Amino acid sequence: MSLFLLEVPLPDNSSESADGLFERLADAAMQSNGELIEIQVSKAQGVVYAIVEHRSAEVVDAFFRQASIDFNEVAPVRLVGAELEDLKQKKAGAQFLVEWDIPEGTTMEQYLTTKRSKAHLYANVPETTFLRTYVREDMMKCLCFYDAPDEDAVLRAREAVSTPVDRLNRLGE
């Protein structure tokens, strides 16, 4: 099974509408014999970030379109910094999402090597907890999830590991 990212526009700002969208996302994943692993919402950006586990991007695409769910694409991603089984059990949330557009020419191996070598530096910003990253297999970008008291703490953590921030989203707002 593989993981796929779908970025889904929020239909509007009502919680009923968001709840209905979440149900449709979960139902479409289940109907296609997949599993919705995680949903994170950036209301300020008007985007739902959905992670689906499935065998086929094409099947996910077809079932989500059949369910009339608007999304940008089905992008294969790799989970880094957390175990999938832990996410499934906890249905863990996050407070902040950092999107980083990975520089062209960077390989997955280069990214993972750098990530491993710098991970210990997060200890320099103890008020921020790095939770997990989803790296697009096409190396276009990664989504990094954090718990922190505020945006400045997230920025200090990113600075500690010498990794830029292209977009910073407070989740659930």
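The values are calculated or read from the model by the stated rules, or taken from the named source; none is laboratory data. Here the structure is a predicted model, which is why all the values come from computation and not from measurement. Positions of Cβ are backbone-derived with ideal geometry, glycine not excepted, and every protein chain shown enters the neighbour counts.
Scan segment 3-32 for residues that are at pLDDT 90 or above and among the hydroxyl-bearing types (S, T, Y) and jot them down.
S32
Restricting attention to segment 125-162, report how many residues are more than 17 Å from the chain's Cα centre (by Cα) and either farther than 25 Å from L10 by Cα or in contact (Cβ under 8 Å) with a residue 60 or more places away in the chain (or both). Don't jump to the end; show me each part of the working.
To start, the set of residues in segment 125-162 that are more than 17 Å from the chain's Cα centre (by Cα) comprises 125-128, 149-153, 155-157, 159-162.
Now drop any that are not either farther than 25 Å from L10 by Cα or in contact (Cβ under 8 Å) with a residue 60 or more places away in the chain (or both), which leaves 125-128, 149, 152-153, 155-157, 159-162.
Total satisfying the criteria: 14.
Quick check: anything in segment 107-114 surrounded by fewer than 15 Cβ atoms within 10 Å (Cβ to Cβ) and not in a helix (DSSP H, G or I)?
So in segment 107-114, the residues surrounded by fewer than 15 Cβ atoms within 10 Å (Cβ to Cβ) come out as 107, 109-110, 112-114.
Restricting the remaining residues to those that are not in a helix (DSSP H, G or I) gives 107.
Scanning segment 107-114 turns up at least one residue that is surrounded by fewer than 15 Cβ atoms within 10 Å (Cβ to Cβ) and not in a helix (DSSP H, G or I).
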